[in-house]
Amino acid sequence: MKNIRQDQFSNPDFLRAIVDGCLCGIMGVAPLALAGRHPVGRLAVVLLVAIAAVAMSRLRQLRRTPWSPNRLWLGLTLGGVAVLVLQLAHLPPAWLAHLSPEVGSEFPLLTDRAGGFLPSWSSISRAPVETQSALVLYVAYVFLFYIVRHRVDRIRDVERLMKGIAVGTLLFATLGIAQYLFSNGRFLWIYTHPSRDTFDAVKASFVNQNHFAHFLALGIGPAIWWRYSVTEHAARWMRTGLTLAIAVSLTATALTFSRGGVLAVGVAAMTTALFAGLGRLLNWKMVGAVSGIALVVAVVLSVHGQDRIMGELQSLQTSDMERLDYGGGRRRVWAAVGRAIPDYAMLGVGAGAHSVVYPKYMDEPSDVDYTHAESGYLQVLFETGAIGFALLVLTLVTAAWCLVASWRAAKDPRHLALIVALLG
């Protein structure tokens, strides 16, 4: 038995299968735990990444090819780790007063003014436990990035990854529609959320339908690329199946009733289709397929949900902020975060600490607990300061530059459309 196990861990195909299985689990299993936000989902992500990292390290050892991270990417990822570690570090009072001046007014009994009766507050993070969790997840995502980067070293590996993403999002779209049509109010028919149910929109395992719509946006580009790249000699069932899969994904997106999500999916779909046409993958048969998809989605919406989704989209055409932001909740939390950012300009309040700090800057108390800033960019700036936000901007610019460089180097039209699917 011992020799069999040793042989398995010396088999490159077996190790690649482990890595691929872990990647599928991250895409298809972890989101089942309330989109990965539940502690069980986070644990699943970390464990799967750890297993994949061990398998990939062994695989590269067998190939005698050491890890070779790009210096720029390595600097960006290590910079993110450094920011979170610094937020958790126990700092001298003088350093803390310089890096986070508000600590004295927020914790007057936990600074040196308390006379030593209580342990002093010495970290930048206002929610150290949440920041510790964020650090673990960030390190896991860093490893995931390098695992994927070294796993997809051939174009067929990239294509396989894109197909996996398309299949994963399709399965969740199907799950979301089934849960919406046959709902008992519980997520996955078993979990009762204290403040949310599944009657009002397609959500699958996501508590917030906006998040689910953006999850679907991740897969619509790869799905369209896959449909366009199928050759005329492929089986008819495959072409028909992919067409229906895209229709299901678009229908699920529409039934989330998320304005931003619908727009994100629409932009990703149209951009991929446009560049597929420029890459000479689009022909009149493909145009017919797209028309068929549009017809299916229109029929489904006409049966259920047309009035609501049209109302959501029409609200984008108005300048009336009350229609765009009913009750003004987003505007209030944005204003509060905007007022707070200058007080924590350098390193922020700590990753995950938004919900414990923003109430201090609200004009008036709110019955709603805004766990997020309703804007990812504002939240990053608020929680990690100017340094963390600068790292985010540099990462996005670097990613865009890599995609543009790949676009220029690509020759095959299939590869051009594949790059656009990644952009979508």
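Largest accessible area first, the residues Cys22, Cys402 order themselves as Cys402, Cys22 under a 1.4 Å probe with ligands, DNA and RNA left out.
If the chain linking Phe182 and Val54 were pulled fully straight, counting 0.36 nm for each residue of separation and taking away their Cα-Cα distance, it would gain 41.9 nm. Of the whole protein surface, His211 contributes about 80 Å² of accessible area at a 1.4 Å probe radius. Label-to-label distance, Phe199 versus Ile155, with points set 7 angstrom from Cα along the beta-carbon direction: 5.3 nm.
Shown here for region 24-112: chymotrypsin sites (Phe, Trp or Tyr not before Pro) in loop regions (DSSP other than H, G, I, E, B) with at most 16 other Cβ atoms within 10 Å, namely Trp67.
Here the gap between His90 and Leu274, fully extended at 0.36 nm per residue and compared with their Cα-Cα distance, gives a gain of 61.0 nm. At the residue level, Tyr191 shows approximately 80 square angstrom of accessible surface with a 1.4 angstrom probe and all protein chains present.
Near Thr371: Cβ cut-off under 11 Å, other residues only, Lys/Arg at +1 and Asp/Glu at -1. The net charge is -2. Taking Phe187, Phe145, Phe199 and ordering them by how much accessible surface each has at a 1.4 Å probe, largest first, produces Phe199, Phe145, Phe187.
FRET efficiency for the Thr174 to Arg37 pair, using the beta carbon distance and R₀ = 30 Å, is estimated at 0.90. Rounded to 0.05, the FRET efficiency of the Asp343 and Val397 pair, given R0 = 25 Å and the Cβ-Cβ distance, is 0.35.
Of the whole protein surface, Val81 contributes about 40 Å² of accessible area at a 1.4 Å probe radius.
The values are calculated or read from the model by the stated rules, or taken from the named source; none is laboratory data. It should be emphasised that the depicted structure is a prediction, and the values quoted were computed from it without experimental measurement. Methodologically, a virtual Cβ is constructed for each residue, glycine included, from the backbone with ideal geometry; neighbour enumeration extends over all protein chains shown. Quick note on the areas: whole protein, heavy atoms, side chains included, nothing else; ligands and nucleic acids left out. Shrake-Rupley method; radii C 1.70, N 1.55, O 1.52, S 1.80 Å.
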